[in-house]
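Input: a single structure, listed below in structure tokens.
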Amino acid sequence: MELLIELYKQILSELKSQSFNLDHDKYSGVFLPVLGEEYQQAPCKIMLVGRETSGWNTKNNKNTMLRALGRQEGITLDDVIEEAIVRYKKHQDDIAHMRTSRSHFMRYHLKLARELNLMPQAIMYANLLAWDYDFKTPLRRPREEREEVIAASLKMLEAQIKHSKPDFVIFASGIKKTGYIVKRLLKQHLNGYETVSVDPGRFWEFKSGGATCFQIAHPRAMRDHKKCRERVIERIKCIIAEKNRPESDLCDTGIACIQPG
């Protein structure tokens with residue numbers, strides 16, 4: 001974990017303060033996942049990626065971009081990182097005891113755990129963007145500010161993926177509004193991708209960064225998107241089953257598994 005923390009510190013230290021309007025600083029605390037013991041011991045390593053948080057470390061006044069920049073008096077970057085890690089561990093501890101949630105995203109997290117026989121905290125929760133702004137997306141901020149948030153966030157997500165080495169990454173961060181950010185992550189940080197199957201605007205399975213990846217709509221999306229969320233779970237089950245099946249037992253069902261209808 002020490003290496004990941006050092007990477008976080010380096011990335012935060014490279015933030016350009018001139019890109020932000022610090023007179024109107026409504027940014028959340030920075031979101032910094034770390035590997036839990038349950039994740040490291042899980043037989044199947046899954047990372048679930050959302051878009052951004054909603055008021056992360058905000059109600060306790062451990063937020064603002066000024067703080068993340070290390071420019072708040074009496075607060076160092078080490079303090080900021082420690083606060084973020086404490087908050088993340090609390091989140092993982094909380095979800096370990098949940099049966100359901102008002103959050104669509106959290107409910108999908110819990111469903112993944114149940115269906116795949118994992119403890120909820122064994123799934124690594126990540127986000128495409130490391131900050132929210134006034135409890136909402138920072139993608140509506142001015143271009144220079146938005147670009148700085150995206151650039152730093154993707155560096156941190158790259159570090160998280162390379163450090164945690166997941167078997168499966170589920171980008172449940174949306175498709176239309178964030179698809180270009182996911183593609184940027186893949187092309188600029190993870191050496192590209194190889195498409196396995198795609199249902200435009202709904203479902204994308206691909207290989208990247210040594211993992212099998214999926215991109216789907218945010219779990220709040222209904223109608224056909226519910227089927228796509230189920231499809232992700234079935235694909236993961238199928239891939240695990242094929243991996244564990246002796247080669248002599250492989251048959252036509254394996255082909256059906258690789259290319260679902």
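If you take the Cα centroid of segment 96-127 and the Cα centroid of segment 148-172, the two points sit 19 Å apart.
Qualifying trypsin sites (Lys or Arg not before Pro) in segment 8-63, where qualification requires a DSSP coil assignment and no more than 13 other C-beta atoms within 10 Å, comprise LYS16, LYS59. Summed over the residues of the chain and divided among them, the accessible surface reaches 51 Å² per residue at a probe radius of 1.4 Å. The distance from the alpha carbon centre of segment 173-234 to that of segment 25-78 is 23 Å, rounded to a whole number. When every Cα-Cα distance of segment 69-212 is counted in 5 angstrom steps from zero, the calculated P(r) takes the values 2, 8, 14, 20, 20, 19, 11, 4, 2, 0, 0 percent.
Between GLU230 and ASP23, residue separation times 0.36 nm minus the direct Cα-Cα distance comes to 70.1 nm. Length gained on full extension, LYS162 to GLU2, computed as 0.36 nm times the residue gap minus the Cα-Cα distance: 56.2 nm.
Using R₀ = 45 Å, calculate the FRET efficiency as 1/(1 + (r/R₀)^6) where r is the Cβ-Cβ separation of LEU139 and ILE240; round to 0.05. E between LEU139 and ILE240, to the nearest 0.05, is 0.85.
Taking each residue as 0.36 nm, the span from GLU38 to HIS97 lengthens on full extension beyond its C-alpha to C-alpha distance by 19.8 nm. Put simply, the Cα atoms of segment 1-88 extend 47, 25, 23 Å along their principal axes, the longest span coming first.
Seen from every direction in turn and averaged, the convex hull around the alpha carbons of segment 97-163 projects onto 5.8 nm².
Computed over the chain with a Gaussian network model linking Cα atoms closer than 10 Å, the most mobile of MET156, MET47, MET222 is MET222. Spin-label pair TYR180-GLU73: with each label point 7 Å from Cα along the Cα-Cβ axis, the two points sit 4.1 nm from one another. When a 1.4 Å probe is rolled over the protein heavy atoms, the share of accessible surface on segment 105-204 that falls to carbon and sulfur comes to 48 percent. In plain terms, the bigger the Kirkwood radius, the slower the diffusion; for the chain, with that radius from Cα pairs, at 4 °C and 1.567 mPa s, Stokes-Einstein puts D at 68 µm²/s. Per the Cα gyration tensor, segment 36-133 maps to an equivalent ellipsoid with semi-axes of 28, 14, 11 Å, ordered largest to smallest.
For segment 164-205, the set of trypsin sites (Lys or Arg not before Pro) satisfying both a DSSP loop assignment and a count of at most 11 other C-beta atoms within 10 Å is given as LYS176. By the helix-only formula, in which each DSSP H run with n ≥ 4 contributes -39500 (n - 2.57) and the sum is divided by residues, the chain has a 222 nm mean residue ellipticity of -14000 deg cm²/dmol. In terms of distances greater than 22 angstrom between alpha carbons, the cross-link table entries LYS111/LYS226; LYS9/LYS177; LYS187/LYS243; LYS111/LYS227 yield LYS9/LYS177; LYS187/LYS243. In the chain the longest region clear of GluC sites (Glu not before Pro) that are loop-assigned by DSSP and have at most 13 other C-beta atoms within 10 Å covers 74-261.
The values are calculated or read from the model by the stated rules, or taken from the named source; none is laboratory data. Worth saying up front: this structure is predicted, and the values here are computed from it rather than measured. Neighbour counts are summed over all protein chains in view; Cβ atoms, including those assigned to glycine, are modelled from backbone coordinates with ideal geometry. Note: areas computed on protein heavy atoms with side chains; ligands, DNA, RNA excluded. Shrake-Rupley method; radii C 1.70, N 1.55, O 1.52, S 1.80 Å.
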